[in-house]
1. Could you compute how much accessible surface Glu120 exposes when probed at 1.4 Å, giving the result in Å² to the nearest 10?
2. Solvent-accessible area of Asp151, probe 1.4 Å, all protein chains present, reported in Å² to the nearest ten, please.
3. What ranking of Arg45, Arg143, Arg137 comes out by heavy-atom accessible area, probe 1.4 Å, highest first?
Amino acid sequence: MFHSIQPYSERGVPDHTDGPPVKRLYHRGQGHSGDGPCDCVTCGREVASFLHSLRVGVTDGRTITSTTLTPTSDGTTPPCLQWRDVLVLSWPNVSDNSGMVTGLQEAGIPVRVMKDDDIEDVSTAHSDVVWVADGYRVCGLERKVVVYVEDPESDSFSFPRFTLISRCTSQLVIVSSEH
């Protein structure tokens with residue numbers, strides 16, 4: 001049985017171990033549709049916009065959208081963040097035709113929804129794509145950037161949320177219906 005976890009309160013003193021920065025995006029307002037952020041094309045576009053602002057997949061002003069990283073003959077430096085460094089975690093499963101995936105694709109993000117036979121590629125980050133996965137299927141897998149797409153039906157301070165967001169090492173993005 002899972003118990004709700006109380007939200008943290010401000011301590012009034014700085015912490016040096018606060019963890020990665022958190023960006024919050026909300027499923028609300030004009031243009032948003034569906035039951036929650038997972039079903040919403042606009043939420044997908046907003047996540048894509050934020051990833052572009054982090055310059056994921058950009059090197060020397062060019063965007064990389066290939067599914068595998070190939071060395072360049074002109075000696076360009078690889079990007080600081082590659083698409084393979086981003087993991088979108090949902091609870092529950094997301095499908096190929098969900099609004100979130102559609103919004104990411106429309107914005108030029110190379111995205112794939114994890115299937116059973118993709119687990120090795122997802123775990124090794126072989127393909128330079130943003131993987132979208134059910135969080136429980138990839139427990140323990142870490143990425144520099146984790147996008148957690150919250151289910152509006154779940155308790156926002158429940159076990160799934162904390163399990164999924166703990167996989168982030170550099171930038172956490174939470175997409176929720178909360179106000």
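1. Its heavy atoms expose roughly 130 Å² to the probe.
2. 40 Å²
3. Reading off the accessible areas and sorting them downward yields Arg45, Arg137, Arg143.
The values are calculated or read from the model by the stated rules, or taken from the named source; none is laboratory data. Keep in mind it's a predicted model, so treat the numbers as computed, not measured. Just the protein is used for accessible areas: all its heavy atoms, side chains included, with ligands, DNA and RNA removed. Shrake-Rupley method; radii C 1.70, N 1.55, O 1.52, S 1.80 Å.
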